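Undergrad: I have a structure I would like to understand better, so I am pasting it below and will then ask my questions one at a time.
Throughout, read-outs are computed from the coordinates displayed, never taken from laboratory work. On a predicted model such as this, the values are computed, not experimentally measured, just so you know. Every residue, glycine among them, receives a Cβ derived from its backbone with ideal geometry; neighbour counts consider all protein chains shown.
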Amino acid sequence: MAVTLKDVAARAGVSRSAVSRTFTDGASVSDKMRRKVEKAARELGYSPNALASSLTTGRTRMIGLISNNFHNPIFLEVFDLFTRGLQDRGLRPLLVNLTDEVEPDNSVRMLRQYSVDGVIVASSTLPPAFSKAFREAGIPVVHSFGRHSAAPEVHVVGVDNVECGRLAARTLIARGYRRIAFLGGPEVATSTQDRLTGFLQEAGQHPQIEVSHSFAAAYSFDAGRAEMMRLLTAAPAEAYFCGDDVLSIGAMSAVRDAGLKVPEDIGILGLNDMEIAGWENIALTTIRQPIQQIIRASIELVVAMLDEPDRLPEARLFGCALVERRTLRPLV
């Protein structure tokens, strides 16, 4: 038989309400009473019922964690860090798969049904309006890896993707490439749009540089490979900023299958610095996105909103840095 709150109360020689207060966050209970109840609970192997506690406190301590790109290996790291970080704070993540879905209505409806205390949208492709729908529904929300804005309508944590695009162009030009290209993810993705904007801005300051751009169907290996195979049938550029590591690895596969070498014939630059980018057989030169810091800041914000749901939205912006490996020429 499961140990009940009544059993703990009898063992500790206190009332059931005293046991309930002991295991309710923020409830008033003396240190002496707390020690007595916790000792009895340990001896009996009692654990408080989280669902029953939520009926008392009005909080489920559940956080909806939403993403729409489960095919990208980088999100294995993202989910690992998010779930562990939330659990360390005594919160319970509820993972929502939004693959092939761009409208927020179903997600808002479902997360309302589960009475989540907050939502984290972990996506670099969904527009700001998606996260805004949760705020309008009265659900505290943070958009991780979201589009930066000087006046955000919801909390946004991420990088300046425009500046990442500028850094990519500067990196290729500094290595002596004169025909450079951007190979992005889906054209509708906000991250793709912003990275392309920065790339074109920086390249446009160098009249001697030829620049082009194209888009893959998704942020995936297969999409990166397919787009690079198409580009190789014409006159390919000397180097590509692929806008994502998994796109880059797909592009490298196509280049090598065409009998060409990276970086001798074509240079490849990625973005994210996911774990496999550093594997010896890949050694991808990439732009590191500080994923751990972004996730830590996102969790801090959603926790703060539990006590202050009307907190004014803020944008937390982190910098990117080049990680030098072996898929570009050395500096000239």
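Undergrad: Given the Cα-Cα distance of Glu210 and Val332 and 0.36 nm per residue of separation, how much length would full extension add, in nm? Walk me through the numbers on the way to the answer.
TA: Details: separation 122, 0.36 × 122 = 43.92 nm, distance 1.81 nm.
Full-extension gain reported as 42.1 nm.
Undergrad: Of the listed values (i) -0.25, -0.33, -0.51, -0.71; (ii) -0.29, -0.38, -0.57, -0.74; (iii) -0.20, -0.27, -0.45, -0.68, grab the one calculated as log10 I(q)/I(0) by the Debye sum over Cα atoms at q = 0.06, 0.07, 0.09, 0.11 Å⁻¹ from the structure here.
TA: Label of the calculated value: (ii).
Undergrad: In whole Å, what is the distance between the alpha-carbon centres of the range 113-144 and the range 11-41?
TA: Here the two parts' Cα centres lie 36 Å apart.
Undergrad: Any idea what the relative contact order of the range 180-293 is, in percent, if you count C-alpha pairs under 8 Å spaced at least 6 apart?
TA: Values: 198 pairs, mean separation 27.6, N = 114.
Averaging sequence separation for qualifying contacts and normalising by length gives 24 percent for the range 180-293.
Undergrad: In terms of modelled amide H atoms, which long-range or inter-chain residues lie less than 5 Å from the amide H of Val157?
TA: His143, Ser144, Phe145, Gly146, Arg316
Undergrad: Here is a further query. What is the fewest-to-most order of Met274, Met110, Met228 by other Cβ atoms lying within 10 Å of their Cβ?
TA: Working: Met274 24, Met110 14, Met228 27.
Final ranking by Cβ density, sparse to dense: Met110, Met274, Met228.
Undergrad: Let me ask something additional. Give, as a single signed number, the net charge of other residues whose beta carbon lies under 10 Å from the beta carbon of Asp117, with Lys and Arg counted +1 and Asp and Glu -1. Working shown, then result.
TA: Details: positive: Arg59, Arg61, Arg92; negative: none.
Local charge sum for Asp117: +3.
Undergrad: Using the count of nearby Cβ atoms within 10 Å as a rough guide to exposure, how do Tyr240, Tyr219, Tyr46, Tyr114 rank from fewest to most? Let's see the in-between values first.
TA: Working: Tyr240 33, Tyr219 28, Tyr46 20, Tyr114 12.
Fewest-to-most ranking of Tyr240, Tyr219, Tyr46, Tyr114: Tyr114, Tyr46, Tyr219, Tyr240.
Undergrad: Continuing with this model, one more query. Would you mind checking which residues have amide H under 5 Å from Gly184's amide H? H placed 1.01 Å from N; only 5 or more apart, or other chain.
TA: Hits under the 5 Å cutoff: Ser214, Phe215, Ala216.
Undergrad: Using modelled amide H (1.01 Å from N, peptide plane; none on Pro or chain starts), what sits under 5 Å from the amide H of Asp244, excluding residues fewer than 5 places away?
TA: Residues meeting the criterion, in which the H sits 1.01 Å from N, are Leu271.
Undergrad: Step through the residues of the range 295-310 one at a time and calculate ³J(HN,Hα) from phi using the Karplus curve (6.51 cos²θ - 1.76 cosθ + 1.60, θ = phi - 60°), rounding each to whole Hz and writing x for Gly and Pro.
TA: So the Karplus estimates, Gly and Pro as x, are 5, 4, 5, 5, 5, 4, 5, 5, 5, 4, 6, 5, 9, 9, x, 9 Hz.
Undergrad: Taking the alpha-carbon centroid of each part, what is the distance from the range 204-218 to the range 301-332 in angstrom?
TA: After rounding, the separation between the Cα centres reads 25 Å.
Undergrad: I'd like the Karplus ³J(HN,Hα) series for the range 136-151: coefficients 6.51, -1.76, 1.60, θ = phi - 60°, whole numbers in Hz, and an x wherever there's a Gly or Pro.
TA: Whole-Hz 3J(HN,Hα) from phi for the range 136-151: 5, 8, x, 9, x, 9, 10, 9, 8, 6, x, 6, 5, 8, 5, 10.
Undergrad: With a cut-off of 8 Å between alpha carbons and a minimum separation of six or more residues, what is the relative contact order of the chain in percent? Each step should come with its number before you reach the end.
TA: Details: 631 pairs, mean separation 50.3, N = 332.
Result for the chain is 15 percent.
Undergrad: Rounded to the nearest 10 degrees, what's the angle between the helix 245-257 long axis and the longest principal axis of the chain, both from Cα atoms, 0 to 90?
TA: Helix 245-257 and the main axis of the chain meet at about 40 degrees.
Undergrad: So in the chain, what percent of DSSP beta bridges are antiparallel if you round to the nearest 5?
TA: Working: 3 of 39 bridges.
Counting only bridges with both partners in the chain, antiparallel ones make up about 10 percent.
Undergrad: Within 12 Å, Cβ to Cβ, of Ala41, how many net charges do the neighbouring residues add up to if Lys/Arg are +1 and Asp/Glu are -1? Working shown, then result.
TA: Numbers: positive: Arg11, Arg34, Arg35, Lys36, Lys39, Arg42; negative: Asp7, Glu38, Glu43.
Computed value for this residue: +3.
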